Amino acid sequence: MLIFIVILNYLLMLLIGLIDNIKGPVIAPIKSFYHIDYTYIGLLLFIGSLGFITASFIGGIIVNRYGSKAALSGGLIFIILGILGYFVSPFFFVFAVFFFIMNFGLGMLEIGINATAAVTFVANQAIMMNLLHFFYGAGATISPNAVGRLIEMRYPWQNIYLLGGMITAAMLVVVLLTRFPGAARYLNRDKVRFIDVLKDKYVILFSIMLGFYISSEVGIGNWAVTYLKGAYGMNSVKSSMYLSLFFAAFTIGRLLGGFAVERIGYVKSIFIFASLASIFVAGSMINQNLSILLSIAGLFYSIIYPTTMALAMKNFKENTGVAISVIVTVSSSINMLANFIIGKLSDIFGVFIGFSFIVVFMVLVIVMLKVLSSSLKSYSQ
């Protein structure tokens with residue numbers, strides 16, 4: 001039974017990867033359907049991120065009170081409700097509400113998955129957690145390419161989401177029929193307020209650094225297809241293929257990159273990988289023939305987030321849970337604003353300038369890393 005639940009957890013993470021990465025290729029059809037500009041698309045992505053962050057708080061409360069099954073079931077139900085709402089959304093702001101609901105569901109589902117993992121991943125936890133993120137990457141690799149092909153076949157974007165909703169409904173039935181072992185509760189023993197942690201300048205530095213990284217990584221998932229179509233006139237199949245290859249490289253990096261990090265050191269690894277990520281994304285923007293460099297950049301993005309979180313955990317040995325929660329919340333808020341900024345810049349100056357901020361954000365990661373590494377002597381270089 002335990003093996004079945006582990007497999008179910010992996011499949012649920014695969015589902016998040018599939019549904020979360022539909023949005024990149026369908027931005028153009030949504031833009032045309034509602035007759036909106038890129039600023040509104042940026043606002044939509046802002047709203048989606050807000051839904052995900054909100055679920056992180058509420059999902060944690062649900063897990064504490066009712067267990068992980070409630071969070072998993074609730075997450076799946078909200079995803080289905082959000083997707084069904086797309087079919088009754090004649091106006092953009094109605095659609096945005098349902099987009100919030102769907103992303104709220106994705107956030108709650110992820111909380112439930114992590115809570116379940118805490119109980120079921122009893123041996124080889126590092127390997128099991130890496131595999132968990134591998135399945136997200138697998139879903140993220142499959143989704144853009146499949147969606148791009150469906151768009152090229154003139155398949156309505158609402159129906160593409162409906163396919164994801166049907167898979168979600170099937171997973172909901174399985175979750176409801178499954179008995180989950182253990183309490184799977186989040187136990188927060190840190191008797192410290194968020195506001196106290198926010199006064200720590202290193203929490204702020206970590207939050208800003210991670211926020212710029214997430215803005216760059218998520219920015220590629222959200223805007224790469226739009227950029228490749230707008231700047232080079234690529235069709236949906238080809239532009240989505242480059243995004244799928246990015247996630248494929250990203251997934252391989254997540255599986256293997258940890259070995260390189262342990263050998264090189266945390267700070268040096270982040271610096272090297274962030275620098276290479278910047279170079280490869282910038283290089284891909286020189287001309288259309290170099291677009292493959294954008295896909296290869298996924299390999300260098302892969303280790304930055306988990307390694308940065310590991311650095312944070314090394315530094316905040318006391319009140320770790322609250323410190324990490326604050327860092328994740330603040331960094332996710334920066335990402336919300338970044339998506340809106342990219343959309344606004346794309347409207348004013350064109351998609352090339354808007355997408356170039358993906359590189360700017362990664363350069364800022366390197367700057368923040370230098371500030372941190374020069375002031376925190378406790379880090380392993």
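The values are calculated or read from the model by the stated rules, or taken from the named source; none is laboratory data. Quick caveat: nothing in here was measured; it's all calculated off a predicted structure. Glycine also receives a Cβ, built like all others from the backbone with ideal geometry; neighbour counts cover every protein chain displayed. Remember, those area values only see protein heavy atoms, side chains included, never the ligands or the DNA or RNA. Shrake-Rupley method; radii C 1.70, N 1.55, O 1.52, S 1.80 Å.
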Discussion item. Quick check on this structure: which one of ILE264, ILE252, ILE208, ILE160 is modelled with pLDDT of 95 or more and over 30 Å from TYR66 (Cβ atoms)?
Written reply: ILE160
Item to complete: For PHE340, indicate whether it is at negative phi and either in contact with a strand residue (DSSP E or B) (Cβ under 9 Å, 6 or more places away or on another chain) or open to solvent by 60 Å² or more (accessible area, probe 1.4 Å) (or both).
Response: yes
Worksheet entry | Sole exception among (1) at pLDDT 90 or above; (2) open to solvent by less than 20 Å² (accessible area, probe 1.4 Å); (3) of a type outside the set (Ser, Thr, Tyr) for PHE93, by number | (2)
Practice prompt. Scan region 114-128 for residues that are closer than 19 Å to LEU255 by Cα and at pLDDT 60 or above and jot them down.
Written response: ASN114, ALA117, PHE121, ALA123, ILE127, MET128
Worksheet item: Is there a residue being of a type outside the set (Phe, Trp, Tyr), closer than 29 Å to ALA323 by Cα and in contact with a His (Cβ under 7 Å, 6 or more places away or on another chain) anywhere in region 251-260?
Response: yes
Fill in: Enumeration of residues in region 97-113 that are of a type in the set (A, V, I, L, M) and modelled with pLDDT of 90 or more
VAL97, ILE101, MET102, LEU106, MET108, LEU109
Worksheet entry | Scan of region 250-290 for residues that are β-branched (Val, Ile, Thr) and open to solvent by 30 Å² or more (accessible area, probe 1.4 Å), ordered by number | ILE252, ILE264, ILE272, ILE279, ILE286
Item to complete: Please find, among LEU81, LEU132, the residue that is surrounded by fewer than 17 Cβ atoms within 10 Å (Cβ to Cβ) and under 22 Å from the mean Cα position of the chain (by Cα).
Response: LEU81
Worksheet item: How many residues does region 163-204 contain that are modelled with pLDDT of 90 or more, of a type outside the set (Val, Ile, Thr) and open to solvent by less than 60 Å² (accessible area, probe 1.4 Å)?
Response: 6
Worksheet item: Can you pull out the residues in region 210-249 that are open to solvent by less than 40 Å² (accessible area, probe 1.4 Å) and not in a helix (DSSP H, G or I)?
Response: MET234
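Take the conditions in a helix (DSSP H, G or I), modelled with pLDDT of 95 or more, of a type outside the set (Asp, Glu) and in contact with a Ser or Thr (Cβ under 7 Å, 6 or more places away or on another chain) and apply them to LEU364. Does it pass?
Here the answer is no, as LEU364 does not meet what is asked.
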Practice prompt. Being open to solvent by 20 Å² or more (accessible area, probe 1.4 Å) and in contact (Cβ under 8 Å) with a residue 24 or more places away in the chain is the filter here, so list the residues in region 11-35 that pass it.
Written response: LEU11, LEU14, LEU18, ASP20, LYS23, ALA28, PRO29, PHE33, TYR34
Response to the item:
Taking region 259-294 and keeping only residues that are in contact with a Ser or Thr (Cβ under 8 Å, 6 or more places away or on another chain) and not hydrophobic (A, V, I, L, M, F, W, C), one is left with GLY265, TYR266, SER269, SER284, SER291
Practice prompt. Give me the pairs, please: first residue somewhere in region 55-70 and closer than 19 Å to PRO181 by Cα and at pLDDT below 80, second residue anywhere and open to solvent by 70 Å² or more (accessible area, probe 1.4 Å) and among the aliphatic types (A, V, I, L, M), beta-carbon distance under 9 Å, and either six or more positions apart or on two chains.
Written response: ASN64/LEU187
Practice prompt. Pull up region 36-69, narrow it to residues that are within 18 Å of VAL351 (Cβ to Cβ) and over 22 Å from the mean Cα position of the chain (by Cα), then point me to the one that is least open to solvent (accessible area, probe 1.4 Å).
Written response: ILE36
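Being in contact with a helix residue (DSSP H, G or I) (Cβ under 7 Å, 6 or more places away or on another chain), over 20 Å from VAL351 (Cβ atoms) and part of a helix (DSSP H, G or I) narrows it down to one residue among ILE252, ILE279; which is it?
None of the others qualify; the one that does is ILE252.
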